[in-house]
Structures are given as structure tokens and as C-alpha cells.
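The values are calculated or read from the model by the stated rules, or taken from the named source; none is laboratory data. Here the structure is a predicted model, which means the values were calculated and not measured. Don't worry about glycine lacking a Cβ; one is built from the backbone with ideal geometry, like all the others, and counts go over all protein chains shown.
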Amino acid sequence: TKFCHPILVRLGWHDAGTYNKNIEEWPLRGGANGSLRFEAELKHAANAGLISALKLIQPIKDKYPNISYADLFQLASATAVEEAGGPEIPMKYGRVDVSAPDQCPEEGRLPDAGPPSPADHLRDVFYRMGLNDKEIVALSGAHTLGRARPDRSGWGKPETKYTKAGPGEAGGQSWTVRWLKFDNSYFKDIKEKRDEDLLVLPTDAALFEDPSFKNYAEKYAEDPAAFFKDYAEAHAKLSNLGAKFDP
């Protein structure tokens, strides 16, 4: 077992999350088009460490060359959620890949963790993708998986009592105690704020500070079934953003 669920979720998210609904032309609009396989985009600060995810995907691409990178990234992301105990994501396949690095989106389309006005920043980024407040909060719940590493993102502790022994590569700071289990712990732990070894970024805290976001965050903390339903719908929508399908 490679304990790779979190980084594969992030891979799919970051390929799709560059979408700009205000740009019609493909691939200038960004989105789920496989551009994240190119070094030019992997070098973006928000994508630090994702070369490891690409290395996990590449043997599958080599074995099944007719599958696009865009599809593989989204398949890996949805499968990782499901294998970690999360909901089944209703997926669609047939995405077309961009063909060259000059088709990668410019840096700066993905969210920052600590902007001056976290709630406004989340809306700026996600509204540009055509997503709403409910989808912002639901998708944020994917942080129930994984860890932040200061050497990659600049956020989190080098290690905590939950990460110092792994599983997998030790270190980093997780949002939840069982950071390879997909559930609603992310919302419960932010709400309770009882453990300094668990990560709460400014954009995480905003979910319980902004009145609109808080309605959904409170609901998901109390109702895991509601979270799973809304997450699955939001993840499926995200996975299709900006994609060109063939046929």
C-alpha cells in the first residue's frame, strides 16, 4: 500500500481547478485537460509535490496509452475518495488532453491557504469556476484526507503525534486524526478546535466564520450522509470543469 489517497485527490482537483468560466476557448479556459502532467505547471507553487502523484499514474498510462491523462487524473481522484471510505462519485470519461506545455494555464488560478480575506478569496476562486457556496464547503471537506507539509506549502508543522510514525512517509500536519479515512471529521474537528496538533488554515476557519459557509459546515459536522451526498455531486461537477469530451 502506498497510502497515496490524499495526493491523488489533490492531483485531480488541481488539474480541474484552473477552470475559468469566463473564457470559452479550450484549452485557454483551463480545467480537466491533463495539462498538469507538464513540468511548466507542476512547477506552480500550489502544485508542489504533485510530481509524486504523476509518477504513480505514469505506469498506468504506459499500460493503457489510449486513456487520456485528463481521464486518469480524475479517475484516480474519484477512486481515492471511494477507496478511503468516501462516497461513490458519478463520473464521466472521454476527456481530451492538451498536447503541449504552452497550453498550460498561467500560475495563480488555484486557491491560497492564507489570503487576507479567506472567505472572499474562496469565493473569487470558486465562483470563477462556476461553483457556489455549498460546493465550496463540500469540496473543502476533502481535507479530511492528507497532510500539509511546510517544505511544500509553507503551512503546517513538520510532524505531529498523528503523523510522526506515518503511515507512509512520516511528517506533516493533518487536518484530522485518521487522515487516510474519508469522513466528516474535518468539519467536526474545526468546529471543536480541541487539538493543536490538527491543522486549521485560515481558509478552513472561514467555513465556520462566514455566515453562508457556516450553514453548510455546521450541517456537514452533524450529518455525514448529507456531506457525502453533496460532496459526491460537487466532486463530479469539479471533475468535468473545462473538459472537452470525445465524442
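Taking the options LEU8, LEU28, LEU50, name whichever one is closer than 16 Å to SER99 by Cα and modelled with pLDDT of 95 or more.
Just one listed residue meets the conditions, LEU28.
Which of the residues that make up region 81-99 are closer than 21 Å to HIS44 by Cβ and touching a residue at least 24 places away in the same chain (Cβ under 8 Å)? Talk me through it step by step, then tell me what you get.
Our first condition is that a residue be closer than 21 Å to HIS44 by Cβ; within region 81-99, this holds for 95, 97-99.
Passing the criteria: ARG95, ASP97, VAL98.
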Can you report the number of residues in region 91-109 which are in a loop (DSSP other than H, G, I, E, B), closer than 19 Å to ASN20 by Cβ and charged (D, E, K, R)?
4
Taking only pairs six or more apart or across chains, which ones have beta-carbon atoms under 8 Å, a first residue in region 228-246 that is in contact (Cβ under 8 Å) with a residue 40 or more places away in the chain, and a second residue that is surrounded by fewer than 19 Cβ atoms within 10 Å (Cβ to Cβ) and among the aromatic types (Phe, Trp, Tyr)?
GLY242/TRP26; LYS244/TRP26
Name, by its number, the condition in (1) farther than 14 Å from LEU238 by Cα; (2) buried (at least 21 other Cβ atoms within 10 Å of the Cβ); (3) not aliphatic (A, V, I, L, M) that does not hold for GLY49.
(2)
